[in-house]
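Reviewing the structure listed below.
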Amino acid sequence: MGFLRKRKNKQQTEETGSEILEETVSETEEPDAEEDDFTPAAEDSRPGRDEFRAAAAENAVLAAEERAESADDGAENGAEETQPESEEEDTEDAADGADAEADENADAENTETAADEDTAEDAEEDPGEQTEEQEDIDDFSDIPEGTPYEPEEDAEFGEDDAEDMPVSEKKDRKTLREFGREHKKVFKGIGIGFGALAGLCLCVYVYGCVTIPEDTIFRNVYIEGNDVSGLTREQAVEKLQSASLLGNMKITLTSGGQSFEINGADVGLSARLEDTVDKAMRYGRTGNIFIDGFANTLQLFAKRNIIPNADADEAVLREKLSEFGKQIHGELVEHQLSLGEGVVIATPGHTGFDNNTDTAYEEVKTAMDNEQFDDISVTLSAGPPHAITFEQIDSFTYLDPVDAYYDINGNDIMVIKEVEGRYLDRDEASNLISQVYEGGPEVSIPYYASYAAVTAEELQSKLFNATIASYSTNYGSSTANRCANIARAASKINGTVLAPGAVFSFNDTVGPRSVANGFYTAKEYVDGQTVDGIGGGTCQVSSTLYNAVLYSDLAIVSRTNHMFPVGYCPIGQDATVADSGVDFKFMNSMDYPIKISAVTSGYTVTISIIGTQRDDPRTVKIKNSSTPVGADTSVHSVRYVYNSAGELIRTDDLGGSYYMSHN
């Protein structure tokens, strides 16, 4: 019943309602009415059906006028002509249409009235039944009796609005209705398109789900531009063996608003091939078929380029990080220490890069593992110089004094000068150290000297200042060749210098007994026989040296007696040598260097041990105890060492010697 919302209908209904209300009041005031009669007001208090029909008729007229105005607007837009006669004709047509509509509504009302009466009779016969028509007719049954009809105002449009509405607004309303009808078709088409697209996407997704590879790499996957799609792990590794991965890669670092570029080759950047292939194998695989299917579907249209897992030389990379840190913060200079004349000079340092690259190194490693080589943010910090401590300056300053010593090179000997030591006064130094700070002046801290126990002058005065022992043997009955061999062997050992603790070897010092080494053929003992041999007579020199060593109280390392007793020294005090390996060795067991002096003169060879006289000179005695063993002789030798007071201070068992008799 939209026409009830027309403002004009409202006005008519109010007038009709007022008349009915007046009639009701007048009836109530009649004196014959009973006071206790609470019978509801007559149904005439509600607007009658005639009023509704009148309102409908007028509404039809208004609708016709609107259509006439719309037609006028269309004529103005189409032909640009406005004829007064046509307007009147349109108005008359609209009025005729309104009259026709009113007649139709009146007929309909009469029909409805008749139907109402029939329905009322039916209702009296069977109150429980009600037709659909009756339901429609009783739409207003919920309005209490006696309530005047007040139709709702149309918030959007009323009769007054229609009368006052400009032509342009009417045209806008019409255009809006036409726009809605046209776009309704467009939206329907869009919906169909979206549905088709969704269906296509679903088909592609299902295809992606059912084509997930089992043991090969997803389609459209590359490793630094190398296509590994559809390859197994082994095939991908083999293919990439010959590829130049990360060959031209650069690493760009950022920190403190600055950047720093590193050539990958400079830091030994290399790809971890197998880890990289494993990453390609894992791409798109989560174990969830729906997620993996989605990833496989995306690979139909997108290319995935995997950056290799990378390694770099840690030491070189840290050096580059340090360079970047110094570029940002400058170089950190610690407090410097230097030695002056009797003082340690402390020069204050200044703030700079703190040289800590641990955090930055881990940040670079993490970034590379995440395929990031550009704009890697690293943490590089500045720091002040470390405060100087007493332990630090004491370690720099302190020096033990060094005694003078002998430097022996072959048979050459030098006396190396002693070195003074240095030390600090702890309390004095600690007080001065507190004055060393960044931006402050240099601070001088005194140190003091400590002196060596042995000076070069002392060593020089003791060097070879005494003959420790000397021993001579005679070879007057020897042949010329034997005499020459004795002289040659003596010259070979003459001037040999031994440092304390050094071991002398006769064979090593003299060398092989050969013509090339200056030796001649002479008689010698071989396997119990006297035969001619090159170097015969050399054993007399080794035996003479053995006795000089015995009386010098030096330590014997290796000694072997002859097969037969010899005539140039006491039995048990000889020492044979041979190129075959039999050697005589002894050690310098003194605190100072010794030197061997070996000279020949008038068929006598004299060998002396020259060294530093002991603070308490010693005397050595040798006792050889002989025991006959058939025709042979066994000898046991002992050395007795006495001090300057004649007291025995040591006894050395020199071992036994066994000699065969001459036949």
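Report, by residue number, each residue of the range 219-243 that is part of a helix (DSSP H, G or I) and touching a strand residue (DSSP E or B) at 6+ places or on another chain (Cβ under 9 Å). Ala236, Lys239, Leu240 - these are the residues of the range 219-243 that are part of a helix (DSSP H, G or I) and touching a strand residue (DSSP E or B) at 6+ places or on another chain (Cβ under 9 Å).
All of (1) within 28 Å of Ala271 (Cβ to Cβ); (2) assigned to a helix (DSSP H, G or I); (3) at pLDDT below 95 hold for Leu321 with one exception: (3).
Looking only at the range 388-398, decide whether some residue is small (Gly, Ala, Ser), without any contact (Cβ under 8 Å) to a residue 60 or more places away in the chain, out of contact with any helix residue (DSSP H, G or I) (no Cβ under 9 Å at 6 or more places or on another chain) and open to solvent by 70 Å² or more (accessible area, probe 1.4 Å). Even if it seems obvious, please write down each step before you answer.
First, the residues of the range 388-398 that are small (Gly, Ala, Ser): 395.
Within this subset, residues satisfying the condition of being without any contact (Cβ under 8 Å) to a residue 60 or more places away in the chain are 395.
Pick out the ones that are also out of contact with any helix residue (DSSP H, G or I) (no Cβ under 9 Å at 6 or more places or on another chain) and you get 395.
With the extra rule that they be open to solvent by 70 Å² or more (accessible area, probe 1.4 Å), the set shrinks to 395.
Yes, the range 388-398 has at least one match.
Looking only at residues in the range 448-462 that are open to solvent by 50 Å² or more (accessible area, probe 1.4 Å) and not in a helix (DSSP H, G or I), the one that is farthest from Ala387 (Cα to Cα) is Ala453.
For Val316, the conditions (1) exposed (fewer than 15 other Cβ atoms within 10 Å of the Cβ); (2) under 30 Å from Val206 (Cβ atoms); (3) within 20 Å of the chain's Cα centre (by Cα) are fulfilled apart from (2). Within the range 455-514, the set of residues being among the small types (Gly, Ala, Ser) and within 60 Å of the chain's Cα centre (by Cα) comprises Ala456, Ala499, Gly501, Ala502. Checked across the range 479-486, the condition of being closer than 24 Å to Ile596 by Cα and among the β-branched types (Val, Ile, Thr) holds for at least one residue.
Scanning the range 611-637 for residues that are more than 24 Å from Ile594 (Cα to Cα) and aliphatic (A, V, I, L, M) turns up Val629, Ala631, Val635.
Specify which of the listed residues (Ser625, Ser644, Ser589) is on the phi < 0 side of the Ramachandran plot, among the polar types (S, T, N, Q) and surrounded by 13 or more Cβ atoms within 10 Å (Cβ to Cβ).
Details: Ser625 fails: surrounded by 13 or more Cβ atoms within 10 Å (Cβ to Cβ); Ser644 fails: surrounded by 13 or more Cβ atoms within 10 Å (Cβ to Cβ).
Going through Ser625, Ser644, Ser589 in turn, just one is on the phi < 0 side of the Ramachandran plot, among the polar types (S, T, N, Q) and surrounded by 13 or more Cβ atoms within 10 Å (Cβ to Cβ): Ser589.
Only one of the listed residues (Ser491, Ser505, Ser477, Ser472) is loosely packed, with under 13 Cβ neighbours inside 10 Å and either free of Cβ contacts under 8 Å to residues at least 24 places away in the same chain or in contact with a strand residue (DSSP E or B) (Cβ under 8 Å, 6 or more places away or on another chain) (or both). That residue is Ser477.
Just one residue in the set Ser580, Ser543 is in contact with a Cys (Cβ under 6 Å, 6 or more places away or on another chain) and either among the small types (Gly, Ala, Ser) or within 19 Å of Thr473 (Cα to Cα) (or both); that residue is Ser543.
Residues in the range 592-619 that are in contact with a helix residue (DSSP H, G or I) (Cβ under 6 Å, 6 or more places away or on another chain) and open to solvent by less than 20 Å² (accessible area, probe 1.4 Å): Ile596, Ala598, Val605, Ile607, Ile609, Thr612. Within the range 472-481, can one find any residue that is part of a helix (DSSP H, G or I) and out of contact with any Gly (no Cβ under 8 Å at 6 or more places or on another chain)? Yes. Scanning the range 301-318 for residues that are assigned to a loop (DSSP other than H, G, I, E, B) and modelled with pLDDT under 85 yields Phe301, Ala302, Lys303, Ile307, Pro308, Asn309. Is it true that some residue in the range 523-539 is touching a residue at least 40 places away in the same chain (Cβ under 8 Å), polar (S, T, N, Q) and surrounded by fewer than 23 Cβ atoms within 10 Å (Cβ to Cβ)? Scanning the range 523-539 turns up no residue that is touching a residue at least 40 places away in the same chain (Cβ under 8 Å), polar (S, T, N, Q) and surrounded by fewer than 23 Cβ atoms within 10 Å (Cβ to Cβ).
For the range 428-477, name all the residues that are aromatic (Phe, Trp, Tyr) and over 29 Å from Asp400 (Cα atoms). Give the derivation first.
Step one: of the range 428-477, the residues aromatic (Phe, Trp, Tyr) are 437, 447-448, 451, 464, 471, 475.
Correct list: Tyr437, Tyr471, Tyr475.
Conditions (1) modelled with pLDDT of 95 or more; (2) not polar (S, T, N, Q), marked per residue:
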residue: Ile445; (1), (2): yes, yes
residue: Ala449; (1), (2): yes, yes
residue: Ser470; (1), (2): yes, no
residue: Asn474; (1), (2): yes, no
residue: Ser477; (1), (2): no, no
residue: Cys483; (1), (2): yes, yes
residue: Ser491; (1), (2): yes, no
residue: Asn494; (1), (2): yes, no
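Residues of the range 512-522 that are under 17 Å from Gln540 (Cβ atoms) and either part of a strand (DSSP E or B) or without any contact (Cβ under 8 Å) to a residue 60 or more places away in the chain (or both): Gly518, Phe519, Tyr520, Thr521, Ala522. If you go through the range 405-444 and keep only what is among the small types (Gly, Ala, Ser), touching a strand residue (DSSP E or B) at 6+ places or on another chain (Cβ under 6 Å) and either free of Cβ contacts under 8 Å to residues at least 24 places away in the same chain or closer than 30 Å to Leu463 by Cα (or both), you end up with just Gly421.
Can you tell me which residue within the range 325-361, out of those that are within 26 Å of Gly439 (Cβ to Cβ) and part of a helix (DSSP H, G or I), is least open to solvent (accessible area, probe 1.4 Å)? Steps first, please.
The initial filter retains those residues of the range 325-361 that are within 26 Å of Gly439 (Cβ to Cβ), namely 325-340, 343-356.
Now restrict to residues that are part of a helix (DSSP H, G or I): 325-329.
On the way: Gly325: 0, Lys326: 83, Gln327: 85, Ile328: 35, His329: 66 Å².
My answer is Gly325.
Would you say Val497 is touching a residue at least 24 places away in the same chain (Cβ under 8 Å), open to solvent by 40 Å² or more (accessible area, probe 1.4 Å) and hydrophobic (A, V, I, L, M, F, W, C)? Considered against the rule, which asks whether it is touching a residue at least 24 places away in the same chain (Cβ under 8 Å), open to solvent by 40 Å² or more (accessible area, probe 1.4 Å) and hydrophobic (A, V, I, L, M, F, W, C), Val497 comes out as no. Scanning the range 227-269 for residues that are under 24 Å from Arg282 (Cα atoms) and in contact with a Lys or Arg (Cβ under 7 Å, 6 or more places away or on another chain) yields Val228, Ser229, Gly230, Leu231.
With respect to Ser461, is the statement that it is without any contact (Cβ under 8 Å) to a residue 24 or more places away in the chain and either β-branched (Val, Ile, Thr) or within 30 Å of Tyr642 (Cβ to Cβ) (or both) true? If you could, list the steps in order and put the result at the bottom.
Working: without any contact (Cβ under 8 Å) to a residue 24 or more places away in the chain: yes; either β-branched (Val, Ile, Thr) or within 30 Å of Tyr642 (Cβ to Cβ) (or both): yes.
In short, yes.
Scan the range 244-262 and give yes if some residue there is exposed (fewer than 13 other Cβ atoms within 10 Å of the Cβ) and within 18 Å of the chain's Cα centre (by Cα), otherwise no. Taking every residue of the range 244-262 in turn, at least one turns out to be exposed (fewer than 13 other Cβ atoms within 10 Å of the Cβ) and within 18 Å of the chain's Cα centre (by Cα). Taken together, Asp508, Asp532 contain a single residue that is of a type in the set (Asp, Glu), part of a strand (DSSP E or B) and either out of contact with any His (no Cβ under 8 Å at 6 or more places or on another chain) or farther than 19 Å from Asp583 by Cβ (or both), which is Asp532.
The values are calculated or read from the model by the stated rules, or taken from the named source; none is laboratory data. Here the structure is a predicted model, which means the values were calculated and not measured. Neighbour counts are summed over all protein chains in view; Cβ atoms, including those assigned to glycine, are modelled from backbone coordinates with ideal geometry. The protein model used for the area step is the full one, side chains on, heavy atoms only, and it has no ligands, DNA or RNA in it. Shrake-Rupley method; radii C 1.70, N 1.55, O 1.52, S 1.80 Å.
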